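The values are calculated or read from the model by the stated rules, or taken from the named source; none is laboratory data. The shown structure was predicted, so the numbers you read here are calculated from the model rather than taken from an experiment. Positions of Cβ are backbone-derived with ideal geometry, glycine not excepted, and every protein chain shown enters the neighbour counts.
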Amino acid sequence: MDAVGSRLIEFRKEFRDSGEPLRVSFRSLCSEWTWAKRSEVYTHLMHKYPAKILPYIPIFFLSTDSYASPTDCVFDSFAGTGTVLLESIVHPHFKRNALGVEISPLARLIAKVKTTPLDITRLRKEARDLAARIKSFSGDVEVPEFPNRDLWFPQRIQLELAKIRRCIEEVENPDFKDFFLVCLSSIIRDVSLADPKIAPPVVLKPENFSNNPDRQKQVEALLRKKKWARPFGYFRRSVSRNIKRVKLLSDVEEIVSKKVSSTIIWDDARQLKYGQLLAKGMIDKSDAKEVDNGSIGLVITSPPYINAQKYLRTTKFELFWLGLIGQDDVVDLDRQFVGTERVFQEEYQNATLLGVESADCLIEQIYTKDAEKAGVVSRYFRDMRQAVSEIYRVLKKTGRFVLVVGDNTICGLPVENHKILTDIATEVGFRLDVIFVDEIRSRGMITKRHETGGMVLDDWVIVLEKEG
Ligand SMILES: C[S@@+](CC[C@H](N)C(=O)[O-])C[C@H]1O[C@@H](n2cnc3c(N)ncnc32)[C@H](O)[C@@H]1O
């Protein structure tokens, strides 16, 4: 038995004996392996994204063959920008194939680029050619339409971003084109007038900081810098940094020779299918077929926290600038997000219950305060039940499901997400193995939460088993 396998047996025993979640630091659990320090290398830092999973969580569970054999496939049904997928294919001891499902086309695009090796010599040449085309370009450009565009982006910056995008469109190789689009996407927030410290876009205004002169000065300086920002310079630096990152991935022999790979297969975690990933994160669904029952060895996933992160709102500039969605697509796409606040009126005319006591108790309590919020919460847990049932269906017998969630508050009421989702999972058929809790430290864009949404302070890591 390997060290992590033995450690997991001890943890399970401790959990059974105490009945209490085990407080651990996954970072420290991995610290004895010098290779684990690479959590910020490879392509992890290519692009910011809200609430990325702490890489040490997948690193830990992937370091044993007692949860998944080396030939098993690792699956993430809320793949985001692909942290779990990347860790599966670069793991130094067990490199496993990975499959991901993700509703946001931007996150799908980033996850694909972060896990696709490229011919670096050709990429460097392509980057030089692209830079030359952008410099000499003098034709008309199309600036995408979206609400308040002129408020967020000065005219000069709009034209330069549109020029870069237009020249990227001329790149023929779809993998290179996707790579450059991710580089473009990664600079869009930097050249906008949005506050870089807050995840959903908020306009930077020095007058908002009149009670904090130091911060006010910082904001004034930042605004001056942004006013003179040269998107082309930002883009070139992003390309150069990201080529180095993709090179690290492209040096992994098993990835280049296609012994292991990561594939984004579908968009919606509530019904798991195989489609065909196209360029720009789009999915061809014409020949879609269901993911086979019992075909997956291990699931590691971190679904959205209820009411906490607005993925669409936070990434809307990038989605519009890359042409991944148009203004008319926003409402429909938002409705497909687990954790959406856009519920239909019929969904909250009555409190819609699940038949799971902990969830129903919460929904009824919230209903007395705010019927619409109760509809949002009910929808979240019903969607999660569907996603968890699908995970159960596709997992092999005795396969493990590692679920990473956070608790928060809604309408002033504490929401024990981890407990409710554990109850839902056991109702679906899973057996609870062990629960860990790890304190969240700084994690990219995990910043301000909704006023009544409360702060998510801990990662709850729930390990479930599909009984054999
Ligand atoms: C906590 S984030 C995952 C972050 C990811 N682990 C990473 O490190 O980048 C949750 C993700 O679930 C996605 N999501 C929301 N609703 C979904 C759905 N119906 N199907 C699949 N993914 C969904 C969101 O777009 C978001 O990217």
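Among the candidates GLU145, GLU207, GLU172, which residue alone is under 21 Å from THR314 (Cα atoms), out of contact with any strand residue (DSSP E or B) (no Cβ under 9 Å at 6 or more places or on another chain) and surrounded by fewer than 14 Cβ atoms within 10 Å (Cβ to Cβ)?
GLU145
In the range 15-59, what count of residues is obtained for those that are closer than 21 Å to VAL405 by Cβ and surrounded by 13 or more Cβ atoms within 10 Å (Cβ to Cβ)?
21
Find the residue count for the range 258-289, including only residues that are touching a Phe, Trp or Tyr at 6+ places or on another chain (Cβ under 8 Å) and not aromatic (Phe, Trp, Tyr).
Total meeting the criteria: 8.
Can ASP190 be described as under 30 Å from LYS259 (Cβ atoms), out of contact with any strand residue (DSSP E or B) (no Cβ under 7 Å at 6 or more places or on another chain) and touching a residue at least 12 places away in the same chain (Cβ under 8 Å)?
Answer is no for this residue.
Show the residue pairs that are 6+ apart or on different chains and have beta-carbon atoms under 7 Å apart, the first residue being within the range 68-85 and touching a residue at least 60 places away in the same chain (Cβ under 8 Å), the second being near the ligand (Cβ under 6 Å from one of its atoms) and aromatic (Phe, Trp, Tyr).
GLY80/TYR49
Within the range 104-126, work out how many residues are under 12 Å from the mean Cα position of the chain (by Cα) and of a type in the set (A, V, I, L, M, F, W, C).
Number of matching residues: 5.
Would you check which residues across the range 62-79 are among the β-branched types (Val, Ile, Thr) and either within 16 Å of the ligand (Cβ to nearest atom) or touching a helix residue (DSSP H, G or I) at 6+ places or on another chain (Cβ under 6 Å) (or both) and list them?
If the condition is that a residue be among the β-branched types (Val, Ile, Thr) and either within 16 Å of the ligand (Cβ to nearest atom) or touching a helix residue (DSSP H, G or I) at 6+ places or on another chain (Cβ under 6 Å) (or both), then THR64, VAL74 are the ones that fit.
Could you give every pair whose Cβ atoms fall below 9 Å, whose first residue belongs to the range 50-66 and is more than 27 Å from LYS310 (Cα to Cα), and whose second residue is within 9 Å of the ligand (Cβ to nearest atom) and at pLDDT 95 or above, counting only separations of at least 6 or pairs across chains?
PHE61/ILE300; LEU62/VAL84; LEU62/ILE300
Output the residue which, of all residues in the range 80-104 that are within 7 Å of the ligand (Cβ to nearest atom) and under 15 Å from PHE401 (Cβ atoms), is surrounded by the most Cβ atoms within 10 Å (Cβ to Cβ).
VAL84
Which residue, of PRO206, PRO231, PRO200, is in contact with a Lys or Arg (Cβ under 9 Å, 6 or more places away or on another chain) and within 30 Å of LYS125 (Cβ to Cβ)?
PRO231
Please find, within the range 439-468, the residue that is surrounded by the fewest Cβ atoms within 10 Å (Cβ to Cβ) out of those that are modelled with pLDDT under 95 and assigned to a strand (DSSP E or B).
Filtering first and then ranking leaves GLU439.
Look through ASP214, ASP175 and report the one residue that is at pLDDT 95 or above and over 23 Å from ILE157 (Cβ atoms).
The match here is ASP175.
Got at least one residue in the range 241-251 being touching a residue at least 24 places away in the same chain (Cβ under 8 Å), hydroxyl-bearing (Ser, Thr, Tyr), over 19 Å from TRP321 (Cα atoms) and surrounded by 15 or more Cβ atoms within 10 Å (Cβ to Cβ)?
yes
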